[in-house]
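The values are calculated or read from the model by the stated rules, or taken from the named source; none is laboratory data. Treat the numbers as computed from the prediction; the structure is a model and nothing was measured. Positions of Cβ are backbone-derived with ideal geometry, glycine not excepted, and every protein chain shown enters the neighbour counts. Areas reflect the complete protein model, heavy atoms only, side chains present, ligands, DNA and RNA absent. Shrake-Rupley method; radii C 1.70, N 1.55, O 1.52, S 1.80 Å.
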Amino acid sequence: MAKKSKREIEEIRQRQHVEMMSFSRFMFFRYVATFFFFVNLYWSIVLVQAHEKMWVLPLLLIIAIFPTMWEQFKKLHDLSNRLLQTKIYFWVQMITNIVLIFVCLTPLYFNFYPFMHADEREIVIGILLVGILLCFYAERKAYKIENNQDKYYKHLKRAKEVADKNIKKLNV
């Protein structure tokens, strides 16, 4: 394999810088998706240990998150701003949390949360509300990214311009 010239190395570095900036634009989604993955994983483990059949719900949420994780993984080399799988997952998680708030007000509460006492419903509802807010913020952020209205977009656009200008200089 022939050695790459300094020009080629610098061109690769410039392109990778833009790719990494684009990848960083989606960091919030990766962290929130990971958070929900582990919350749902631990919830399903507790339900299985309590011999509750409701363990299927967190398991389905875990399965639903895999396309989102794959979509986020592909963002390293895919510079598009489309977030279809991510938006679908956060809608599913948000709707599930809303339904679970209503479940907390019924006797089914103990089937979904056998590890909590009746007087701790407010804590569970509070946690579900935090999850709803995270999902809502993720949906809002996804909308802004897809429409290039996020704060990070102008920095990314500027970085692309600088990289293109630097690459042109190298090729002259």
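Some observations on this one:
- Of all residues making up region 119-136, the number that are without any contact (Cβ under 8 Å) to a residue 12 or more places away in the chain and over 15 Å from residue 96 (Cα atoms): 4
- Answer from 19, 8 - the residue that is surrounded by fewer than 13 Cβ atoms within 10 Å (Cβ to Cβ), part of a helix (DSSP H, G or I) and acidic (Asp, Glu): 8
- Taking each residue of region 55-84 that is farther than 21 Å from residue 140 by Cα and without any contact (Cβ under 8 Å) to a residue 12 or more places away in the chain and looking for partners that are of a type in the set (Lys, Arg) and open to solvent by less than 10 Å² (accessible area, probe 1.4 Å) with beta-carbon atoms closer than 7 Å, six or more apart or interchain, yields nothing.
Residues are listed down the side, and each one gets a yes or a no for (1) assigned to a helix (DSSP H, G or I); (2) within 19 Å of residue 17 (Cα to Cα); (3) of a type outside the set (S, T, N, Q); (4) open to solvent by 80 Å² or more (accessible area, probe 1.4 Å):
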site: 128; (1), (2), (3), (4): yes, no, yes, no
site: 138; (1), (2), (3), (4): yes, no, yes, no
site: 159; (1), (2), (3), (4): yes, yes, yes, no
site: 164; (1), (2), (3), (4): yes, yes, yes, yes
site: 169; (1), (2), (3), (4): yes, yes, yes, yes
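- Between 76, 57, 41, 61, the distinction of being touching a helix residue (DSSP H, G or I) at 6+ places or on another chain (Cβ under 9 Å), outside any helix (DSSP H, G or I) and open to solvent by less than 80 Å² (accessible area, probe 1.4 Å) belongs to 76 only.
- Only one of 133, 105 that is in a helix (DSSP H, G or I) and among the hydrophobic types (A, V, I, L, M, F, W, C): 133
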